[in-house]
Amino acid sequence: MARTLDQQVAAAQAKLARLKTRQKASETRRKIIVGAIVTNEALKDPKIARWMAATLRRNATRAVDQKELEGLLAELDQTAAKADQA
């Protein structure tokens, strides 16, 4: 049975929406992986910790984001301070 032009357009739009959803999920997963790796390294290396803390403070401007990062920033500051004590 032949589909109308409108049906074909609707099917193409639905497929595009599914692909965009998959792309967004892939981007989110990549960000999570990179974030976890960088955070892990920053908590081990005072130089990376100092850079990461400064970067987060400069770029996380929303109050809700700043509140969410308080604990991590404290850990990063503590790691960065180890270099100053050495």
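The values are calculated or read from the model by the stated rules, or taken from the named source; none is laboratory data. Since we're looking at a predicted model, the values are computed, not measured. All Cβ positions, glycine included, derive from the backbone under ideal geometry; neighbour counts span all protein chains shown. What goes into the accessible areas is simple: the full protein's heavy atoms, side chains included, and nothing from ligands, DNA or RNA. Shrake-Rupley method; radii C 1.70, N 1.55, O 1.52, S 1.80 Å.
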Residue hits (region 43-62; more than 16 Å from the chain's Cα centre (by Cα) and open to solvent by less than 40 Å² (accessible area, probe 1.4 Å)) are P46, A49
Among (1) part of a helix (DSSP H, G or I); (2) free of Cβ contacts under 8 Å to residues at least 24 places away in the same chain; (3) open to solvent by 80 Å² or more (accessible area, probe 1.4 Å), R3 falls short only on (1)
Restricting attention to region 30-47, report how many residues are in a helix (DSSP H, G or I) and under 14 Å from A74 (Cα atoms).
3
Region 55-75 residues that are modelled with pLDDT of 95 or more, paired with ones that are open to solvent by less than 100 Å² (accessible area, probe 1.4 Å) and of a type in the set (G, A, S) (beta carbon under 6 Å, 6 or more apart)
Q66/A60; L69/A60; L73/A53
Could you tell me whether L19 is surrounded by 11 or more Cβ atoms within 10 Å (Cβ to Cβ), on the phi < 0 side of the Ramachandran plot and of a type outside the set (S, T, Y)?
no
Sole exception among (1) in a helix (DSSP H, G or I); (2) open to solvent by 70 Å² or more (accessible area, probe 1.4 Å) for A10, by number:
(2)
